[in-house]
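Undergrad: To start, I am sharing the structure in question, which I have written as structure tokens.
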Amino acid sequence: MENSGGITASLQGRYASALFDLASEQGKVTAVEGDLDKLGEAVKVSPELAGLIRNPRVTREAAAAAMANLAKALKLSPLTQNFLGVLAGNRRLGALPEIVRAFGAIAAAQRGEVTAEVTSAHPLSDAQLKALSAKLKEREGKAVKLKASVDPAILGGLVVRIGSRQIDSSIRTRLNTLANAMKG
């Protein structure tokens, strides 16, 4: 399978690509992508989980058991459960967030879409998300899947990241630019 952007060049990309190939063979790409989204969110919201996957003192067996319990609690598919076991056995759980992103990028490329990470100071309404998606589709020439997050520190406006490109119209950035311009 051909992946753009050199995704498969990295260790995380190789794991994501192998998982994608298995999921494709079994017709489970959508299920695995949903599972990985759940895992990625769990790592973001749980400092304990984030610490566990990065702790070198946790044995392979303990990590595998913890991930098996997490997989059951999140009702993950058997393929995803097995994949987590492989990651634990190879001591690669620390790469899980990057693997989640790489898998999402591979799946999106296969569907002919791009993923845009949108950060706003306040939650966006469905109408705002729909309008933003339409504008980005027009700009990119492809279907755009939005992943919205909220960061009050940007004060207002939006930060949109598509791949390695970023469109930053946040008030925080505008104020910083103005402050730098005033310094001379």
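The values are calculated or read from the model by the stated rules, or taken from the named source; none is laboratory data. All values derive from a computational prediction rather than experimental measurement. Here Cβ is always computed from backbone atoms with ideal geometry, including for glycine, and neighbour counts include all displayed protein chains. Remember, those area values only see protein heavy atoms, side chains included, never the ligands or the DNA or RNA. Shrake-Rupley method; radii C 1.70, N 1.55, O 1.52, S 1.80 Å.
Undergrad: Looking at region 49-59, can you tell me whether even one residue there is under 15 Å from the mean Cα position of the chain (by Cα) and of a type in the set (Val, Ile, Thr)?
TA: No; the residues of region 49-59 include none that is under 15 Å from the mean Cα position of the chain (by Cα) and of a type in the set (Val, Ile, Thr).
Undergrad: Select from region 60-74 the residues that are farther than 16 Å from Val43 by Cα and either without any contact (Cβ under 8 Å) to a residue 12 or more places away in the chain or surrounded by fewer than 13 Cβ atoms within 10 Å (Cβ to Cβ) (or both) and list them in ascending order.
TA: Residues satisfying the conditions are Glu61, Ala62, Ala65.
Undergrad: Continuing with this model, one more query. Just to be sure I understand, how many residues within region 76-122 are open to solvent by 10 Å² or more (accessible area, probe 1.4 Å), touching a Lys or Arg at 6+ places or on another chain (Cβ under 7 Å) and either of a type in the set (Gly, Ala, Ser) or under 30 Å from Gly157 (Cα atoms) (or both)?
TA: Residues in region 76-122 being open to solvent by 10 Å² or more (accessible area, probe 1.4 Å), touching a Lys or Arg at 6+ places or on another chain (Cβ under 7 Å) and either of a type in the set (Gly, Ala, Ser) or under 30 Å from Gly157 (Cα atoms) (or both): 8 in total.
Undergrad: Okay, next question. If Ile162 passes every condition in (1) touching a Pro at 6+ places or on another chain (Cβ under 7 Å); (2) open to solvent by less than 60 Å² (accessible area, probe 1.4 Å) but one, which one does it miss?
TA: (1)
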